[in-house]
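The values are calculated or read from the model by the stated rules, or taken from the named source; none is laboratory data. This is a predicted model, so every value here is computed, not measured. All Cβ positions, even for glycine, are placed from backbone atoms using ideal geometry, and neighbour counts span all protein chains on display.
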Amino acid sequence: MQKEILELIDLIEYSEGLKREIRNSWLSDKRQESVAEHSWRMALMASIIGPRLTMEIDLNKSIKMAIFHDISEIEAGDVPTILHMTNSKVSDKKTSDEQYRYRQPQERFPHRRWK
């Protein structure tokens, strides 16, 4: 139990990297947002829109996905969508990097339920 608590604290500290990673997109006030801001907004959108959908979704899972979907960017960085949509080499590298980088926190935090 003590080990798991320490791992959870480590995960919280690790996730601070989402605040430092700047995305390749801009907010309405002309500044770039952090990955943490993006993830927070995605979770907010899921929690507001999810209950109003005509189809049933797992809201808890949707919010978790919104929070954790970019955790690999702590290590891999953010790649502009336009680049990986228009350049297959960039897209292949992004996919490969993110798959590799996504496994790192899973290995580092084995008690975390990632699915």
| said: What pairs come out if I take residues in region 32-46 that are over 17 Å from K61 (Cβ atoms) and pair them with residues that are of a type in the set (A, V, I, L, M) and at pLDDT below 95 whose C-beta lies under 7 Å away, six or more apart or interchain? | reply: Q32/I22; E33/L27; S34/L18; S34/I22; V35/L18; A36/L18
| said: Being among the β-branched types (V, I, T) and either modelled with pLDDT of 90 or more or surrounded by fewer than 18 Cβ atoms within 10 Å (Cβ to Cβ) (or both) is the filter here; which residues of region 32-78 pass it? | reply: V35, I48, I49, T54, I57, I63, I67
| request: Find the helices (runs of 4 or more DSSP H) located wholly in region 1-64 whose residues include 2 or more that are touching a helix residue (DSSP H, G or I) at 6+ places or on another chain (Cβ under 7 Å) and under 22 Å from T81 (Cα atoms), and list them. | output: 17-20, 35-49
| Is one or more of the residues making up region 13-20 surrounded by 11 or more Cβ atoms within 10 Å (Cβ to Cβ), touching a residue at least 60 places away in the same chain (Cβ under 8 Å) and in contact with a Phe, Trp or Tyr (Cβ under 8 Å, 6 or more places away or on another chain)? | yes
| message | Checking S91 against (1) polar (S, T, N, Q); (2) surrounded by 15 or more Cβ atoms within 10 Å (Cβ to Cβ); (3) at pLDDT below 70: exactly one of these is not met. Which one? | response | (2)
| said: Checking the structure you have, find out if any residue of region 94-103 is modelled with pLDDT under 90, surrounded by 12 or more Cβ atoms within 10 Å (Cβ to Cβ), in contact with a Gly (Cβ under 6 Å, 6 or more places away or on another chain) and within 30 Å of Q2 (Cα to Cα). | reply: no
| query | Before we move on, is D29 modelled with pLDDT under 80 and either among the acidic types (D, E) or loosely packed, with under 14 Cβ neighbours inside 10 Å (or both)? | reply | no
